[in-house]
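**Q** Here's a structure for you.
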Amino acid sequence: MDGTVLSWNKAAERLFGYAAEQAIGRNASDLIVPDDLREEERQMLEGIRDGTSFAYLWTKRRRANGNLVDVAVSISPIRSDEGALIGMAASARDITDLVQAEREIHNLNASLEQQVAERTAQLEKTLTLQTAILERAAYAVIATDVSGTITLFNPAAERMLGYKAEELNGRATAMLFHDPDELAERADAMRKEGVHVASNLAVLRARLARNDPDTAVWTYIDKYGNRIPTRLTLSLLRSKDGDNLGVLGIAIDLTEQLKYEDELKAARASAEQASAAKADFLANMSHEIRTPLNGIIGYADLVLEDQTLAPDIRRQVTRIFEASDSLRVIIDDILDFSKIEACGVRLESKPLYINELIANCASIIEPKADEKGLKLAATARDTPPVLIGDAARLRQVLLNLMNNAVKFTAAGSVELIVSCVSRVDNVARLRIAVTDTGIGISPDEQKGLFKRFSQADETISRKYGGTGLGLAISQRIVQAMQGELRIDSEPGVGSTFSFEIDLPVADQVDIERHDTPVQSNRSARVLVVDDVEMNRDLCKTMLGRAGHKVDLADSGNMAIAMTGSRSYDLIFMDVQMGEMDGMEATRRIRALGASLSTVPIIALTANVLPEQVARYKAAGMDDHLGKPINRAELLACVAKWIDEPILHVPSVPLAPVEAEADPSLQPVRDRSALEDLRLFASEHEIAGFAAQLQDSIACIQARWPSRIDVTTLGEDSREELRIVAHKAVSLAGQLGFRQLEVALRQMETAYERAADIPLAFVLLHAAIDAAAPEIEIMQTA
């Protein structure tokens, strides 16, 4: 849609004087549009983007020798199967003779005072010229009288349809080559619009009565039965006195144009499939490698915990651990880049607390800087405290730039500066720069720096490691934010990576809209069914503070009994419970009939894959809510199903952690989750939740210690471990122990999927060991 020429046929070569290899890849406007007609071209392109087609538009174009030529241009949009605009098809006809003829006619009309003989001579000359034009025209010209009988059938029409003019003139109507089924379809469409018309050429007359001239795509059938798509322009022929003389039709064969359009669509589809296949391969490869790699890292970590290891063995295992961890970082880069290439960069628009973001990035990088004795500084200058943007993606860019700066700096400093360079209305322009005193990069090496798998030179990769993907990923993210990542560097002195982006300044309404839960308009009676006490208590507290009446059930059987004796506006149903799972409980509640067949039942689950959601709906559930339970999502869900009309649920809900996520990639503890928990739970209650989690992990450590071979467990013992893991997932997630939450979920699903159970077991114990000190502190806080 930027005007780049993709196809250039022989007729175009003859018309404009450019060979195909000279034209393809160049901008059509720069190539053939005269300077004084650039605005006309721009308006046509805007029209194409809005879905408008242009048929037989007279204009001028510039030939290769600089001369102007009169042409008739037809342009139509090219759309994908989904209706998206992907390009445009244009055709141009040389109408020099026709334009000259019109000029001649104009001159004749301007000289009405001349002698009759002179006018007669001019008319004869014009008639001769018109005849020549009709005979040489590249498009079919067909005229009929008032009865529909053909009176004119030019040579182009003969070539298109295979008939001779003498076969048709005065003998046949256009019904001979119009598709009768198509005429019938158009007639039916007009009848639906209130215009009653027969399924024949009366359709054409009715269209002309409504719009003269009338242009549409029709199907002609030639003498040999071939179907020809055409763009047909019809106009009424009238005498000077206004008498109806018949109809003139100008038909352009669209076969080649549609062929080009199909080829363009096919080429685009092929390119998209190739890109998707490549991205899928990278993603699958990364996942397949990362699974055994996690086992290596996990087992190496366990071995290193043995304080009796000989020094040389410890040194070797440490190298295994460090090398494996470096490989994991590389694989994660490949996976992230493959996702970006396949799906693009999707940005959120939420309140972004810039000072907190900068401090968070600095705290993550600081240990690495301290190891190398580097001075690390991170400052914000005149920046609004709260903006609207994607904090996670911006953090990803900053961490990549700061990590690189520390990696390539042996001595000196690394500095992150975020400054507000301008503010227009409610939009702030931020300049973000990371400066180091490292090795620097030469101008030649900078050229490919932001390309994928690119580093300054091969010695960089050998000495410092990495894939060269980090900057490519960062550039894609910055470009999605309408910025451009740039470098200013001098070898031996250091480098500055910087970019500028515009972010809206958040006002109080923005902050409240994102940070304040959606409230329903009325109080509802809600039943919460969950076999984990903490989940029941949290739901009751959250919903109760919002004005709702809440009943609790700890099993499916109890829920069935309670729904049979009391009416509820909404039911939250845990999917995985001991005696009876939530899906079976839902089916039995629905079977009770009456109002229970329509009461909304919402699945409480961390499993929200498409096939799982389909099973929930098949069981009679109406919606699902992820665990750990988020207050804003919970209240928004109630509002969605209780209020009329249904309110809009926040567009960016807190997504549950995927079961396939790598626990080692998660933080041991997310302290923001605890702050959210404190909004509706007392310190005493939080300590109680921590004690429940401690009991669960103590049970795991006692009954299934890390030293056992988990593959030898009996079916009953495996099921008990799965149940304990399931009940502990919500506790860990709600208290913010993200690594433990993911590991517990993987342990639970490993048995369900018959996945890598030993690896899940190793990662679970590693996560327990990491979280245990924090859990103990929470119990005594």
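The values are calculated or read from the model by the stated rules, or taken from the named source; none is laboratory data. This structure is a prediction, so every number in the text was calculated from the model and none was measured. Don't worry about glycine lacking a Cβ; one is built from the backbone with ideal geometry, like all the others, and counts go over all protein chains shown. The area values use the complete protein model at the heavy-atom level, side chains included, leaving out ligands, DNA and RNA. Shrake-Rupley method; radii C 1.70, N 1.55, O 1.52, S 1.80 Å.
**Q** If I go through the stretch 693-723 residue by residue, how many of them are in a helix (DSSP H, G or I) and either farther than 14 Å from His765 by Cβ or open to solvent by less than 30 Å² (accessible area, probe 1.4 Å) (or both)?
**A** The qualifying residues number 18.
**Q** If you check Ala189, Ala216, which single one turns out to be under 43 Å from the mean Cα position of the chain (by Cα) and either crowded, with 19+ Cβ neighbours inside 10 Å or closer than 26 Å to Leu57 by Cα (or both)?
**A** Exactly one of Ala189, Ala216 is under 43 Å from the mean Cα position of the chain (by Cα) and either crowded, with 19+ Cβ neighbours inside 10 Å or closer than 26 Å to Leu57 by Cα (or both), namely Ala216.
**Q** Here's something else I'd like to know. So which of Leu394, Leu347 ends up being open to solvent by 60 Å² or more (accessible area, probe 1.4 Å), hydrophobic (A, V, I, L, M, F, W, C) and closer than 18 Å to Glu500 by Cα?
**A** Leu347
**Q** Take Ile601 and tell me if it is at pLDDT 85 or above and in contact with a strand residue (DSSP E or B) (Cβ under 9 Å, 6 or more places away or on another chain).
**A** yes
**Q** Now, a different point. Tell me whether the stretch 512-524 contains one or more residues that are among the hydroxyl-bearing types (Ser, Thr, Tyr), modelled with pLDDT under 90 and crowded, with 19+ Cβ neighbours inside 10 Å.
**A** yes
**Q** Can you tell which of Gly51, Gly47 is open to solvent by less than 50 Å² (accessible area, probe 1.4 Å), more than 20 Å from Val99 (Cα to Cα) and in a loop (DSSP other than H, G, I, E, B)?
**A** Gly51
**Q** Continuing with the same structure: Based on this model, can you work out whether Leu538 counts as within 22 Å of Lys640 (Cα to Cα), at pLDDT below 85 and surrounded by 18 or more Cβ atoms within 10 Å (Cβ to Cβ)?
**A** yes
**Q** Here is a check on your reading of the model: is Leu625 in a helix (DSSP H, G or I), at pLDDT 60 or above and open to solvent by less than 50 Å² (accessible area, probe 1.4 Å)?
**A** no
**Q** What do you reckon, is Arg718 closer than 24 Å to Asp554 by Cα and of a type in the set (Lys, Arg)?
**A** The answer is yes for Arg718.
**Q** Could you tell me how many of the residues in the stretch 222-279 are closer than 30 Å to Ile331 by Cβ, among the basic types (Lys, Arg) and open to solvent by less than 40 Å² (accessible area, probe 1.4 Å)?
**A** 0
**Q** Please find, among Leu763, Leu740, the residue that is closer than 25 Å to Asp530 by Cβ and assigned to a helix (DSSP H, G or I).
**A** Leu740
**Q** Looking at the structure I just gave you, is Thr437 open to solvent by 40 Å² or more (accessible area, probe 1.4 Å), more than 24 Å from Ile473 (Cβ to Cβ) and in contact with a Gly (Cβ under 6 Å, 6 or more places away or on another chain)?
**A** Judged against the criteria, Thr437 is a match.
**Q** Find all pairs meeting these conditions: Cβ atoms under 6 angstrom apart; at least six residues apart or on different chains; first residue within the stretch 432-449 and on the phi < 0 side of the Ramachandran plot and in contact (Cβ under 8 Å) with a residue 12 or more places away in the chain; second residue in a strand (DSSP E or B) and among the aliphatic types (A, V, I, L, M).
**A** Here the result reads Ile432/Val418; Ala433/Ile417; Val434/Leu416; Asp436/Val414; Gln446/Ile487, each pair linking the stretch 432-449 to a residue that is in a strand (DSSP E or B) and among the aliphatic types (A, V, I, L, M).
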